[in-house]
Every structure is written in structure tokens, then in C-alpha cells.
Amino acid sequence: MTLNIVMLGPPGAGKGTQGERLAREYGVPRIATGDILREAVVARTELGCLAKATMEAGQLVGDEVMIAIVKGRLLQADTRQGFVLDGFPRTVRQAEALDALVSARGVLTILHIVVPLDELARRVASRRICGQCGTTAGPLAPPDAVCVVCGGALVQRTDDSVEIVRKRLRVFERETAPLVQYYQRRPTFFEIDGNQLPDRVSAAMRSAVGAASEVGSAATRTPHRRTADRR
Ligand code: AMP
């Protein structure tokens with residue numbers, strides 16, 4: 001059985017931290033499209049040059065570019081047992097492309113993390129990344145912490161300033177919120193309360209993944225009932 005997980009939620013919902021935990025626990029890679037783009041910006045690749053201004057403005061990079069990135073990443077051998085996608089899909093167009101990419105891999109589990117707006121703004125304002133390699137520091141990293149990967153100094157993300165975060169939340173509402181509608185009638189869609197202690201969020205996710213796996217197993221036994229609506 002493969003474990004194909006999509007994490008949905010606005011900036012600051014905890015997709016990174018929780019996605020990392022899930023990926024470690026189930027032994028599958030976490031694929032964070034924001035990290036892939038930030039690494040490209042730091043390395044000044046063609047993709048990085050293309051994406052930099054868009055990211056700094058808090059806008060979304062084009063669908064075709066993002067779909068090509070994820071398509072290429074899902075061809076790599078480490079995704080054979082599954083993946084945790086963080087930051088993709090962000091538009092309905094991307095979600096449709098993902099469905100086509102994973103149709104032969106079993107069910108897609110969608111975890112939608114819900115957090116109140118004022119809490120999101122507070123979290124995003126205090127989040128930091130490594131200025132050298134772009135790795136995101138955990139929310140509990142002390143003020144004098146350095147990057148756990150390369151030892152570089154931690155800085156605020158250029159797109160995490162108050163003004164840009166407001167813009168990103170608006171973009172999220174407009175482009176990404178419709179994804180909830182796209183997915184919510186599936187039996188493998190779960191809403192997770194992200195406004196609780198990280199361990200409790202992880203536990204809620206684990207039980208959702210367990211429930212989704214059962215849907216997957218039942219679908220394998222009785223393929224015609226896969227689209228059964230649980231609402
Ligand atoms: P994140 O780290 O997921 O918050 O992503 C940071 C920025 O990267 C976003 O504000 C977008 O500019 C860009 N980005 C990441 N993933 C996507 C995606 N799936 N589609 C479009 N833009 C993306």
C-alpha cells in the first residue's frame with residue numbers, strides 16, 4: 001500500500017512541521033514546493049530566477065511550472081511507497097494534474113489543517129529560515145539558534161513580512177480555498193484542527209491517515225465502491 005498525502009492549509013497552519021513528522025513516521029519523502037523554489041532561488045538556477053520576484057510579491061508561480069516540478073519529483077524512486085506533499089496543489093488546475101499523476105498509485109489522502117486567522121498571522125511573524133540553504137527552522141527554535149543542516153544564520157523569510165503575509169493569505173483565500181471544495185466530498189478528505197498542541201495535531205493526522213488507509217484497502221477489495229460518499 002502506498003501512502004499519498006496532500007497537506008492543505010494557509011501559510012502558518014503547520015504544514016511544514018506536521019508534514020515532516022508524517023513523512024518521517026511513514027518513511028516517505030516530504031515534498032515541499034516552497035522549499036524546492038527557495039533552494040532554486042538560493043542556487044540562482046533558471047527556475048530560481050523565474051520564481052524569485054513572484055514569491056517575494058506573495059503571488060503564485062505558474063501552474064505549468066509547478067506541475068512540471070512535481071511531475072519530475074514523483075518520478076524519483078524514493079516516492080515509490082508514497083509522499084507527503086506540502087504546498088502543492090495550490091490551485092484546482094494543479095489538483096487536477098495531481099489526480100492524473102497519482103491515479104495509478106492508490107488513494108490520495110487530503111489533510112486540511114484549519115487555524116484561525118489571528119493565530120496564523122502570529123505564527124508567520126515569528127517563523128525563520130536559514131539564510132544560506134533555505135531550511136525552515138522549527139517553531140520552537142530559540143532566538144540564537146542556527147540552521148540544523150548547514151549551521152547558517154536564521155533570518156525571516158522575505159515573503160513573511162506583515163504586508164506580504166496579508167497578501168499571501170488573500171491569495172490563499174482566492175486560489176487555494178476552492179481546493180477544499182474540490183476535495184471535500186472524497187472519503188479520504190479530513191479536516192484537522194491545527195490550533196492545538198503540535199503533538200495533538202500529529203495524533204489527529206495519524207488517525208486520519210489510518211482511516212484513509214482503510215478506505216484505500218476497501219477500495220482495493222471492492223473497486224466499484226471507491227467513490228462512495230461518506231456524508
Ligand atoms: P510556501 O513555502 O509553501 O509558503 O511557498 C512559498 C511561495 O512559493 C508561495 O508564496 C508561492 O509564491 C510559491 N509556491 C510554492 N508552492 C507553490 C505552488 N504549488 N503553486 C504556486 N506557487 C507556489
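How much mean residue ellipticity at 222 nm does the chain get from its helices, if each DSSP H run of length 4 or more adds -39500 (n - 2.57) and you divide by all residues, to the nearest 500 deg cm²/dmol? Value at 222 nm, helices only: -14000 deg cm²/dmol. Rounded to the nearest 20, the size of the Cβ-charge dipole of region 7-120 about its Cα centre is 280 debye, with Lys and Arg at +1 and Asp and Glu at -1.
Please state the charge dipole magnitude for the chain, taken about the Cα centre, from unit charges on C-beta atoms (+1 on K and R, -1 on D and E), reported in debye and rounded to the nearest 20.
Details: 32 positive and 25 negative charges, 95 e Å.
Here the size comes out at about 460 debye.
For region 98-205, the list of trypsin sites (Lys or Arg not before Pro) that fall in a loop by DSSP and count at most 14 other C-beta atoms within 10 angstrom reads Arg185. Heavy atoms of the protein chains alone define the surface here; on that basis region 98-159 has 53 Å² accessible area per residue at 1.4 Å probe size. For region 150-189 and region 10-56, what is the separation of their Cα centres, given in Å? First find each Cα centre; the distance between them is then 11 Å. Kirkwood analysis of the chain, using all unique Cα-Cα pairs, places the hydrodynamic radius at 18.2 Å. Restriction of the trypsin sites (Lys or Arg not before Pro) in region 28-73 to DSSP coil positions whose beta-carbon has at most 15 other beta-carbons within 10 angstrom yields Arg44.
Please report the carbon-and-sulfur percent of the accessible area for region 73-204; probe 1.4 Å, protein heavy atoms only, DNA, RNA and ligands left out.
Reported share for carbon and sulfur atoms: 54 percent.
Here the Karplus relation 6.51 cos²θ - 1.76 cosθ + 1.60, evaluated at θ = phi - 60°, turns the backbone of region 122-128 into coupling constants of 5, 5, 5, 5, 9, 8, 10 Hz, with x for every Gly and Pro.
Kirkwood analysis of region 128-172, using all unique Cα-Cα pairs, places the hydrodynamic radius at 11.2 Å.
Taking Cα pairs under 8 Å and at least six residues apart, what relative contact order does the chain come out at, in percent?
Details: 332 pairs, mean separation 61.9, N = 231.
Worked out over the chain, it gives 27 percent.
The values are calculated or read from the model by the stated rules, or taken from the named source; none is laboratory data. Note that the structure is predicted; figures quoted are calculated from it, not measured. Note that each Cβ is placed from the backbone with ideal geometry, even for glycine, and that neighbours are counted across all protein chains shown. Each accessible area value is taken on the protein alone, full model and side chains, heavy atoms only, with ligands, DNA and RNA left out. Shrake-Rupley method; radii C 1.70, N 1.55, O 1.52, S 1.80 Å.
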